[in-house]
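No lab work stands behind these numbers, since they all come straight from the coordinates. All values derive from a computational prediction rather than experimental measurement.
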Amino acid sequence: MGVMKRLLPLALLLAMLPLSTADAASRAAKPPALGGVCSKVNAVSKSGAVSLVCHKVGKKLIWQKVGVSAPKTTPSSSPSSTQSPSQTPAPSPKPGATVTISAISPASSYEINVNAKQFSWSFSYAVAGEKSPRLGTEPTLYLPVGKPVQLNISSTDTSHGFWIPAFSLDKEAAAGTIAHLNITADKVGKFPGACNIQCGRGHPGMTFTAEVVSETDYLKIIGGLKAN
């Protein structure tokens, strides 16, 4: 009787063993639970005919059915620190940043129109093909060194005196007439000029500068005046 009591629990244990093994096999035959925690990009979870793939959307990992593309992420609206040339428009050039030079051919002699007006001077260069005045409180008369130049001197209002002491040039600029003066400058440099006829209150400030340069520089300077 005592032996039977000890063997009975063992018999019950042996009778239950096949059921436990069969139940484990049954669980192994079932597909894994669908979804769960998505913790690795491209991880796959299957349940029957349904398959899921783990995708990264923004900073999150979510499951997506196979064959369904992951939602597109929206680019950040904040501007990038580095933009391509096609994205960044080229800055507009500043006015006067680039000066175009019109080509002017050398000549055997040159002609300059000199006009006096209370209380300044203007100089225009025939070789430019158009008027190219140089105005201001002290404008500049450009002359090519070693080349004959004819100055056509006139006045818009009263009488003035065209005077360059360094070249011993002195000619009256009278209203309604044109006086001619020929000069061939033989040295490069800057030389003061002025009105030497009393013409009103602003007479003392009616000065100019005669600047003698090489013929090459002269043509470049006049070409720049023509372009502007």
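What the table shows:
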| item | result |
| --- | --- |
| Under 26 Å, Cα to Cα: Lys pairs in the range 110-227, sequence gap 8 or more or different chains | 20 |
| Vicinal HN-Hα couplings computed from phi for the range 196-206 (Karplus, 6.51 cos²θ - 1.76 cosθ + 1.60; Hz; Gly/Pro x) | 10, 10, 4, 10, x, 5, x, 3, x, x, 8 |
| For the range 110-227, the Rg and Dmax computed from alpha carbons only, in angstrom | 13.2, 39 |
